[in-house]
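Shown next, in structure tokens, is the structure this report addresses.
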Amino acid sequence: EPEVTQTPSHQVTQMGQEVILRCVPISNHLYFYWYRQILGQKVEFLVSFYNNEISEKSEIFDDQFSVERPDGSNFTLKIRSTKLEDSAMYFCASRMDQTRTEQYFGPGTRLTVT
Amino acid sequence: AQSVSQHNHHVILSEAASLELGCNYSYGGTVNLFWYVQYPGQHLQLLLKYFSGDPLVKGIKGFEAEFIKSKFSFNLRKPSVQWSDTAEYFCAVNGDSSASKIIFGSGTRLSIRP
């Protein structure tokens, strides 16, 4: 069964550094999402992406964040200058098309900012 | 705005006990409802979903949930839990817009005593 994959599984970075989290959505899916889960808290929506542009973003998704689909398979989340409070589990998800609302989640990348 | 409330933060049961986890949502339009499970150290997995039709939906691993529109509820049930059901359970909702994000509840941690 096709799965969403994410790399790396764990990323440790120093405050102020840039990080890029990578995701490979399921190949025939058209909608892509990033969520995050700070330790002990609920999963929060960050951004949705469709047709090569952001379709919706949350208040968390400020100018420090950006997303890109650089080729036909990858979907990346970049944090330009990481802060301690960016430490969280970041989940990528994809969805097939407009008629199907189910999102499939990847295993997550644990980002630790020191 | 959409929101999801899960009433129980931590539930402790013995094996073979029956389970019911509460979930209430608020959303003005047509909703899609989900229960996700997160086993220790693993990623989010879909347990079951409700889009339309029969309000009693059956999912994987013997779980079921009932959508009660008048109560804005979507409670998760299992008649007899196992130690392997120890996990975090998230109720979630999304609307039917084209790129709709998923809104998660705060989660319920389920601990099963062997």
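The values are calculated or read from the model by the stated rules, or taken from the named source; none is laboratory data. As the structure is a computational prediction, the values presented were derived from the model and not from experiment. All Cβ positions, glycine included, derive from the backbone under ideal geometry; neighbour counts span all protein chains shown. The protein model used for the area step is the full one, side chains on, heavy atoms only, and it has no ligands, DNA or RNA in it. Shrake-Rupley method; radii C 1.70, N 1.55, O 1.52, S 1.80 Å.
Data overview
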{"quantity": "Solvent-accessible area buried by pairing A with B, both sides, nearest 100 square angstrom, 1.4 angstrom probe", "calculated": "1700 Å²"}
{"quantity": "Where chain B is the region considered: accessible area per residue in Å², 1.4 Å probe", "calculated": "46 Å²"}
{"quantity": "B:A17/B:I68 FRET efficiency (R0 30 Å; Cβ-Cβ; nearest 0.05)", "calculated": "0.85"}
{"quantity": "Volume per residue that the Cα convex hull of the range A:39-114 spans, once the total is divided by residue count, Å³", "calculated": "116 Å³"}
{"quantity": "Of all accessible heavy-atom area on chain A, the percent that carbon and sulfur account for (1.4 Å)", "calculated": "45 percent"}
{"quantity": "Mean accessible surface per residue for the range A:51-114, computed with a 1.4 Å probe while every protein chain stays in place, in Å²", "calculated": "50 Å²"}
{"quantity": "Sites A:D97 and A:I38 - FRET efficiency at Förster radius 22 Å, r taken between beta-carbons, to 0.05", "calculated": "0.10"}
{"quantity": "Relative intensity, log₁₀ I(q)/I(0), of the range B:2-59 from a Debye sum that treats every alpha carbon as a point, q = 0.21, 0.22 Å⁻¹", "calculated": "-1.12, -1.19"}
{"quantity": "Flagged links, alpha-carbon separation over 23 Å, of B:K69/B:K101; A:K57/B:K61; A:K78/B:K49; B:K49/B:K101; A:K42/B:K49", "calculated": "A:K57/B:K61; A:K78/B:K49"}
{"quantity": "B:N8 long-range amide H proximity, modeled H, under 5 Å", "calculated": "B:G22"}
{"quantity": "Length-normalised contact order of chain B in % [C-alpha pairs under 8 Å, at least 6 apart]", "calculated": "38 percent"}
{"quantity": "Over the protein assembly as shown, equivalent-ellipsoid semi-axes from the Cα gyration tensor in Å", "calculated": "30, 21, 16"}
{"quantity": "Kirkwood-Stokes translational diffusion coefficient of the range B:3-113, alpha-carbon pairs, 25 °C, 0.890 mPa s, µm²/s", "calculated": "175 µm²/s"}
{"quantity": "Rounded percent of accessible protein surface that carbon and sulfur make up, the range B:3-113, 1.4 Å probe", "calculated": "52 percent"}
{"quantity": "Spread of Cα-to-Cα distances over 5 Å intervals beginning at zero, given as percent, for the range A:1-79", "calculated": "3, 13, 24, 27, 21, 9, 3, 0"}
{"quantity": "Simple spin-label estimate for B:S5 and A:S73 in nanometres, 7 Å along Cα-Cβ", "calculated": "4.7 nm"}
